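For reference, the structure is listed below as structure tokens.
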Amino acid sequence: MAGEEGGSSGSSPAAEPSPGGGEAGAAGGEGAGGGGGAAYDGKCVFCRITHGEEAGTELLPCEHEDLVCFRDIRPGAPHHYLVVPKNHIGNCKTLKSEHIPLVERMMAVGKTVLQRNKFNDLNDIRMGFHWPPFCSIAHLHLHVLAPASQLGFLSRMVYRINSYWFITAEQLLERLKAESATI
């Protein structure tokens, strides 16, 4: 979901390493910094969804207690799911190297939900995050889209690899691992 709210940096996620996060994209300042933030922000729609307070959103089965998965309200592909941590975390730019296991779990949930929904060609998927300031919701969420080969024109732009506004989950892991190696 491309939006206008979010962080303060328009720097390319693919072209330059993260300078260490900050308060970009955190709703009301919560969930910023190291990405830990507040466990719950009542103003955040994803916090409300993860806590079962949005009756119109069906939560899909998820094997990790700290994550939830649900269908995107504006699907960009036949299968378009969001994997969201229950605790409020600002956005992908606020993450640190200690969040590598979280991102890996989010990716595993995305692959599992695709397989549970009878999509098994894991070579034809796109998983990633919108980079601030292009985050529509200031709560970390992984987009899981499949089949990537069937993305329409607009979706190919919104979820474009190597763009200023979208970073794949693999690219984010590479950044976090590189940050870890320099510490």
Query raised in the report: Considering only residues of the stretch 80-101 that are hydrophobic (A, V, I, L, M, F, W, C) and farther than 20 Å from Thr182 by Cα, which is modelled with the lowest pLDDT?
Result: Ile89
Report summary line: Expected single match for open to solvent by less than 10 Å² (accessible area, probe 1.4 Å) and either touching a helix residue (DSSP H, G or I) at 6+ places or on another chain (Cβ under 6 Å) or over 15 Å from Lys111 (Cα atoms) (or both) among Val83, Val45 is Val83
Report summary line: The residue that is nearest to the chain's Cα centre (by Cα), considering only those in the stretch 145-164 that are open to solvent by 60 Å² or more (accessible area, probe 1.4 Å) and of a type in the set (Phe, Trp, Tyr), is Tyr164
Query raised in the report: Is there a residue being surrounded by fewer than 20 Cβ atoms within 10 Å (Cβ to Cβ), in contact with an Asp or Glu (Cβ under 9 Å, 6 or more places away or on another chain), modelled with pLDDT under 95 and part of a helix (DSSP H, G or I) anywhere in the stretch 171-181?
Result: yes
**Report entry** Residue satisfying condition, being part of a helix (DSSP H, G or I) and either touching a residue at least 12 places away in the same chain (Cβ under 8 Å) or of a type in the set (Lys, Arg) (or both), within set Lys111, Lys118
**Finding:** Lys111
Query raised in the report: Leu142 versus (1) on the phi < 0 side of the Ramachandran plot; (2) at pLDDT 95 or above; (3) open to solvent by 30 Å² or more (accessible area, probe 1.4 Å): which is the lone unmet condition?
Result: (3)
Query raised in the report: What residue, among those in the stretch 109-139 that are among the aliphatic types (A, V, I, L, M) and over 16 Å from Thr50 (Cβ atoms), is surrounded by the fewest Cβ atoms within 10 Å (Cβ to Cβ)?
Result: Leu122
Query raised in the report: Within the stretch 74-114, which residues are within 10 Å of Val144 (Cα to Cα) and of a type in the set (Lys, Arg)?
Result: Lys111
Query - Options Glu58, Glu63, Glu104, Glu53; residue that is assigned to a helix (DSSP H, G or I) and open to solvent by 40 Å² or more (accessible area, probe 1.4 Å) - result: Glu104
Query raised in the report: Which of the following residues is in a loop (DSSP other than H, G, I, E, B) and either closer than 30 Å to Thr182 by Cβ or modelled with pLDDT of 95 or more (or both): Gly76, Gly128?
Result: Gly76
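The values are calculated or read from the model by the stated rules, or taken from the named source; none is laboratory data. Being a predicted model, the structure only gives us computed values, none of them experimental. With ideal geometry, Cβ positions are generated from the backbone for all residues, glycine too; neighbour counts draw on all protein chains shown. Please note that ligands, DNA and RNA were not included when accessible areas were found on the heavy atoms of the full protein model with its side chains. Shrake-Rupley method; radii C 1.70, N 1.55, O 1.52, S 1.80 Å.
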